[in-house]
Every structure is written in structure tokens, then in C-alpha cells.
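The values are calculated or read from the model by the stated rules, or taken from the named source; none is laboratory data. Note that the structure is predicted; figures quoted are calculated from it, not measured. In this analysis, Cβ positions are derived from the backbone assuming ideal geometry, glycine residues included, and neighbour counts consider all displayed protein chains.
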Amino acid sequence: MVTSNWTILCDFDGTVTREDVTDALLVKLGRPGWEFLEAQWRSGTIGSRECMTGQVSLLGSDASDLDAVIDGIGIDPGFPAFVKAARAVGMQVIILSDGLDYAIERILATHGIDPPLQVVANHLLRTQAHNWQLEFPHAQVNCRSGNCKCACAQRQQLLGRSTLLIGDGQSDVCVAGRADFVFAKDRLLEHCRSTGIEHHPITGFAEAAALLPALLAGELTPDTRSIPLPLPRIQYA
């Protein structure tokens, strides 16, 4: 079996999926108040952990309603083939998300990702009062995110593994500076270009799969273009 010392840390919402799963659930099932929490997070008043704790508690739905929304969320059509390509060359793929583990695992299973990927995310559970709440098994005291992605990257590097981050937005900004290489799109691409982080721009997973051989061979040339300042404000979690 082919082995590699590379681990792929892949964001989920907006990277694998076409939309943010938590946002989709809140728009369709959220009780009043979640928009205020969203505004506080975007302004930097609260971190993502505090924001999501409050928002998930406002999901007014049973499990069947939740599943119906989740099952309607599409993914990048190139993602299943990307996972197969990465596994074929011995690369480990970890879903690293500040989202909901239940939703991630359900979506991946629906789209035939087998064997299942390791998912490092926040834990969604149903309470005895039939409400929803979040637990944060991957939180760190000095990080306001529910899932400290930097800690996950550090664990991989302590094992002697190189890390490829694939992401698109705010929850990926901090960890991008710790990864060995980044495949970036959208707001994360802006951040990498403005800070000089070694990266390659992608539009989707078909492109990402095509870049893997060059990455493994050490032949992938980082994108060195810059974008004019001032940049759009990027909110750190």
C-alpha cells in the first residue's frame, strides 16, 4: 500500500459543501435571536464558540426536520474523487471543521464517502428537554473557536507529518499560518496572498486533485501574487 507523510486538513462548510450548514439550519429552523448572535460574531464581540452555543440552542426542530435540511445540502461534485485520489497516494484526509459533526457525517455518508473520513468538529447532541446543544471536545482555553484548528495541525506536525490545509474562510485563517501548504479559495485566498503564506488557489476539488502529484513531488510552485490593500476585514474566531 502506498504511504505518504502528508495529512490533508480539509474545512467543510463552504469548502466541501456549497453552503454553510449551520447557516442553512438557522435560516430554516432557527428561533428569533440567532441573527443578533451572528452580528456579534462578525463584529468580533464574541468568538465562534460563544456564537454557535447560543445559535444551536435556538434550533427549534425535531430530528426529522434537521435531517431534511441537512439532506438538501449539496457538495462539490469533485470531492468524492478527490478523496479517492488522496487515498490512492497514501495521504490521510481529516475533515477539520468548526461546524457540526452530526451534519458532516450524515452528508459524507449520503455522498458515498467510504470508508468514513476522520471528522474533527463540534459535537451536536439532543438534550433530555428535546433541545439541541453543542459540546466542544476540541476547544482550547486560549482560543475562542469551538474547534481549535491550530491544535489539530500541531498534533499532526508533532507526529512528523506535513500538513496541507484546504479551506475558504474565517475559521481557516489562523491555521493557515501553521500549515506546510494551503489550497485556498475565497476569503482564505485573500488572506494568504496578503500575508505571504505559501498557497495555491483553487476553485474546487477537481483542481485540488490535479495538484496533488506536484505537491507530493515537491514541484508545486506557490502562488506569489498579491492583492491591493486595504483588504476586506477578516474576522478571526
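Return yes when ALA85 is at pLDDT 95 or above and either under 18 Å from THR22 (Cα atoms) or not in a strand (DSSP E or B) (or both) and no when it is not. Before you say what the answer is, go through the steps one by one.
On the way: at pLDDT 95 or above: yes; either under 18 Å from THR22 (Cα atoms) or not in a strand (DSSP E or B) (or both): yes.
Yes, satisfied.
Could you please tell me which pairs satisfy a Cβ distance under 8 Å, a separation of 6+ or placement on different chains, a first residue in segment 202-217 that is under 13 Å from PHE82 (Cα atoms) and among the β-branched types (Val, Ile, Thr), and a second residue that is part of a helix (DSSP H, G or I) and at pLDDT below 95?
Hits for this filter: zero, empty list.
Just the residues that are crowded, with 19+ Cβ neighbours inside 10 Å and among the small types (Gly, Ala, Ser), please, taken from segment 176-208.
ALA176, ALA179, ALA184, ALA208
For segment 109-144, enumerate the residues that are free of Cβ contacts under 8 Å to residues at least 12 places away in the same chain and either more than 30 Å from PRO80 (Cβ to Cβ) or in contact with a Phe, Trp or Tyr (Cβ under 7 Å, 6 or more places away or on another chain) (or both).
THR127, GLN128, ALA129, GLN140, VAL141, ASN142
Could we say that ARG126 is surrounded by fewer than 19 Cβ atoms within 10 Å (Cβ to Cβ) and at pLDDT 95 or above here?
On the way: surrounded by fewer than 19 Cβ atoms within 10 Å (Cβ to Cβ): yes; at pLDDT 95 or above: no.
Answer is no for this residue.
Kindly indicate the residue of segment 32-57 that is β-branched (Val, Ile, Thr) and in a helix (DSSP H, G or I) and also surrounded by the most Cβ atoms within 10 Å (Cβ to Cβ) among those meeting that condition. Step through it out loud before you land on a result.
Just the residues of segment 32-57 that are β-branched (Val, Ile, Thr), to begin with: 45-46, 53, 56.
Narrowing further to those that are in a helix (DSSP H, G or I): 53, 56.
On the way: THR53: 18, VAL56: 22.
Looking at the filtered set, the residue picked out is VAL56.
Which one is surrounded by the fewest Cβ atoms within 10 Å (Cβ to Cβ), of the residues in segment 58-93 that are of a type in the set (Asp, Glu) and free of Cβ contacts under 8 Å to residues at least 40 places away in the same chain?
As a first pass, look at segment 58-93 and keep what is of a type in the set (Asp, Glu): 62, 65, 67, 71, 76.
Restricting the remaining residues to those that are free of Cβ contacts under 8 Å to residues at least 40 places away in the same chain gives 65, 67, 71.
On the way: ASP65: 14, ASP67: 14, ASP71: 11.
Ranking the qualifying residues of segment 58-93, first place goes to ASP71.
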